[in-house]
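The values are calculated or read from the model by the stated rules, or taken from the named source; none is laboratory data. Because the structure is predicted, anything quoted here is derived from the model rather than measured. For neighbour counting, all protein chains shown are included, and Cβ atoms are generated from backbone atoms with ideal geometry for every residue, glycine included.
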Amino acid sequence: MKTLLILLSGLFVSSSVGIAQKPASLEEVCAAVGAAKVESLVAAIGDDLELSILDNEAVYSRADAATALKKFFAGFTKTSFGKVHQGASKADDAEYCIGTLTTDKGSFRVYIYVAKKGPGIVLEELRFDPS
């Protein structure tokens, strides 16, 4: 019985490895941008994401946003991310952060907008504009 329990526990743990946990706060989304953790960003996306990378702006599905973010972070090695401003909507149903991502090829102004949904958040807009 113990062997079966240990085996099942091992299967559960191994099957959950590599699955990004959904960020629960704006702070966690900002940290994911700073660490170039695409999986964490994608986990925060609802059905779609308004994404702007340089001059390419569109509403992306979760899968297409993942591809675009991976391509962006692969092309620009991040060196640092710092928050410049953070706030919330008057109704307190959304939050935003404006920060600067400094890379080996220049700096980008980053805009992050999340909506509060239940106990967590949903990433609704993400922008990377040249500084």
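Figures for the structure shown
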item	result
Residues satisfying the stated conditions in the range 36-61, i.e. within 20 Å of LEU26 (Cα to Cα), β-branched (Val, Ile, Thr) and without any contact (Cβ under 8 Å) to a residue 60 or more places away in the chain	VAL38, VAL42
The range 86-110, residues that are closer than 18 Å to PRO130 by Cβ, at pLDDT 95 or above and surrounded by fewer than 18 Cβ atoms within 10 Å (Cβ to Cβ)	ILE98, THR100, ARG109
Inter-residue pairs, beta-carbon under 8 Å, first of a type in the set (Ser, Thr, Tyr) and in the range 62-83, second in a helix (DSSP H, G or I), 6+ apart	SER80/GLY34
LEU4 being part of a helix (DSSP H, G or I) and modelled with pLDDT of 95 or more	no
Pairs with Cβ under 6 Å, 6+ apart, first in the range 115-131 and farther than 30 Å from ASP104 by Cα and modelled with pLDDT of 95 or more, second of a type in the set (Asp, Glu) and in a strand (DSSP E or B)	ALA115/GLU124
Residue satisfying all of: in the range 21-78; part of a strand (DSSP E or B), within 13 Å of the chain's Cα centre (by Cα) and modelled with pLDDT of 95 or more; nearest to LEU101 (Cα to Cα) among these	LEU51
Of all residues making up the range 36-51, the number that are touching a helix residue (DSSP H, G or I) at 6+ places or on another chain (Cβ under 9 Å) and either surrounded by fewer than 18 Cβ atoms within 10 Å (Cβ to Cβ) or under 16 Å from GLY120 (Cβ atoms) (or both)	11
Residues of the range 90-106 satisfying the condition of being touching a Leu at 6+ places or on another chain (Cβ under 7 Å) and not hydrophobic (A, V, I, L, M, F, W, C)	GLU95
